[in-house]
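J.: My questions all concern the structure below.
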Amino acid sequence: MRLSIREMIMVGVGAALMAVFSQLSIPLPSVPLTLQVFGVVIISIILGKKLGTLSIIVFMLLGAIGLPVFAGFTGGLNIIAGATGGYIIGFVFMAFIIGYFIEKDKKPLAFIGAYLGLAVDYIFGMIQLKLLMGLTLEGVLVAGLYPFIIKDLVLAALGVMVALSIRNRVVRVIRVK
């Protein structure tokens, strides 16, 4: 896959934005409450399937090598391999799904893509949470879904609305397809 200089810059900007959204958080015992879902939605809608997904992969790799881009200014493989790592890994698939749906150029599909992507992210997150914490299904739902799902559904919807309202102007300026 060959990227133009402009596309590389957009991937870098997307990864940087994701790092910023990750720092806007409230620490909780199991999973930090962050604006990461909002960030994934905005980045994916504006940059599309390829560049949005690459942005999240770069964000994840920067964190994996130890740069403090994850929630609470943390980084390292231990975060990805830890209880919250499944959600971070799930962001890659979430970005791809949202980008896929937005490239169909129909606004209602953006909402479907955001919610489907969010569901996939939660599946990755809860599987890793269960495997590492040894929780029952009920325990996983209590620790990894119930405290966050309403907030994330709202943030996903807000992200779609914000991104759709600015997408055409931003895409015209950065010329992303």
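FYI, it's all coordinate maths here, none of it is from the lab. Note that this is a predicted model, so its numbers are computed, not measured. Every residue, glycine as well, gets a Cβ built from its backbone with ideal geometry; the counts of neighbours run over all protein chains shown.
J.: How much space per residue, in cubic angstrom, does the convex hull of the C-alpha atoms of the chain take up? If you can, show how the numbers build up before the last one.
T.: Working: hull volume 18.2 nm³, N = 177.
Expressed per residue, the convex hull around the Cα atoms of the chain is 103 Å³.
J.: While we're here: Counting only pairs 8 or more places apart or on different chains, how many lysine pairs in the chain have C-alpha atoms closer than 16 Å?
T.: Working: 49/104; 49/106; 49/107; 49/177; 50/104; 50/177; 104/177; 106/177.
Summing the qualifying lysine pairs gives 8.
J.: What number, rounded to the nearest 500 deg cm²/dmol, is the helix-based mean residue ellipticity at 222 nm of the chain, given -39500 (n - 2.57) per DSSP H run of at least four residues and division by all its residues? Spell out each step's value before the answer.
T.: Numbers: 7 runs with 131 residues, N = 177.
Result for the chain: -25000 deg cm²/dmol, rounded to the nearest 500.
J.: Would you work out the relative contact order for the chain, in percent, from Cα pairs under 8 angstrom that are 6 or more residues apart? Spell out each step's value before the answer.
T.: Numbers: 290 pairs, mean separation 43.3, N = 177.
Here the relative contact order equals 24 percent.
J.: Return the loop-located trypsin sites (Lys or Arg not before Pro) in segment 80-146 (DSSP other than H, G, I, E, B) with at most 15 other Cβ atoms within 10 Å of their own Cβ; answer none if there are none.
T.: Details: sites: 104, 106, 130; in loops: 104, 106.
Here the trypsin sites (Lys or Arg not before Pro) that fit, given the DSSP loop and packing criteria, are 104, 106.
J.: Still on this model: With viscosity set to 1.002 mPa s and temperature to 20 °C, compute the Stokes-Einstein D of segment 38-123, Rh being the Kirkwood radius across alpha carbon pairs; µm²/s, no decimals.
T.: Values: Rh = 12.7 Å.
Here the translational diffusion coefficient equals 168 µm²/s.
J.: Determine the relative contact order of segment 84-177: mean sequence separation of Cα pairs under 8 Å and six or more apart, normalised by residue count, in whole percent.
T.: Details: 84 pairs, mean separation 27.4, N = 94.
Computed value for segment 84-177: 29 percent relative contact order.
J.: Let me ask something additional. Have a look at 155, 164, 132 and tell me which one the Gaussian network model of the chain (Cα, springs below 10 Å) gives the largest fluctuation.
T.: 132
J.: What are the ³J(HN,Hα) couplings of segment 5-10, residue after residue, when phi is run through the Karplus curve with 6.51, -1.76, 1.60 and θ = phi - 60°? Round to Hz, x for glycine and proline.
T.: 4, 4, 5, 4, 5, 5
J.: Modelling each spin label as a point 7 Å along the Cα-to-Cβ direction, I'd like the residue 9/residue 57 distance in nm, to one decimal.
T.: That separation, rounded to one decimal, is 2.2 nm.
J.: Using the Karplus curve 6.51 cos²θ - 1.76 cosθ + 1.60 with θ = phi - 60°, what ³J(HN,Hα) values do you get for each residue of segment 132-138, in whole Hz, with x for Gly and Pro?
T.: 7, 9, x, 7, 6, 4, 4
J.: Testing the spin-label approximation: label points 7 Å from Cα along Cα→Cβ at residue 109 and residue 67. State their distance in nm.
T.: Those two pseudo-labels are separated by 3.2 nm.
J.: Residue 166 to residue 154: extension gain in nm, 0.36 nm per residue of separation minus the Cα-Cα distance? Mind dumping the intermediate values first?
T.: Numbers: separation 12, 0.36 × 12 = 4.32 nm, distance 1.85 nm.
Here the segment from residue 166 to residue 154 would lengthen by 2.5 nm.
J.: Continuing with this model, one more query. Of the residues 22, 165, 55, which exhibits the maximal mean-square fluctuation in a Gaussian network model of the chain defined by a 10 Å Cα contact cut-off?
T.: Judging by the Gaussian network model, the answer is 165.
J.: Read phi for every residue in segment 107-122 and hand back ³J(HN,Hα) as whole Hz from Karplus 6.51 cos²θ - 1.76 cosθ + 1.60, θ = phi - 60°, with x for Gly and Pro.
T.: 4, x, 5, 5, 5, 4, x, 5, 6, 5, x, 4, 4, 5, 4, 4
J.: To test your reading of the geometry: what angle, between 0 and 90 degrees and rounded to tens, separates the Cα axis of helix 36-64 from the longest principal axis of the chain?
T.: Helix 36-64 sits at roughly 50 degrees to that axis.
J.: With the chain treated as a Gaussian network of Cα nodes joined by springs under 10 Å, which of 79, 65, 42 yields the largest mean-square fluctuation?
T.: Checking each option, the largest mean-square fluctuation is seen for 65.
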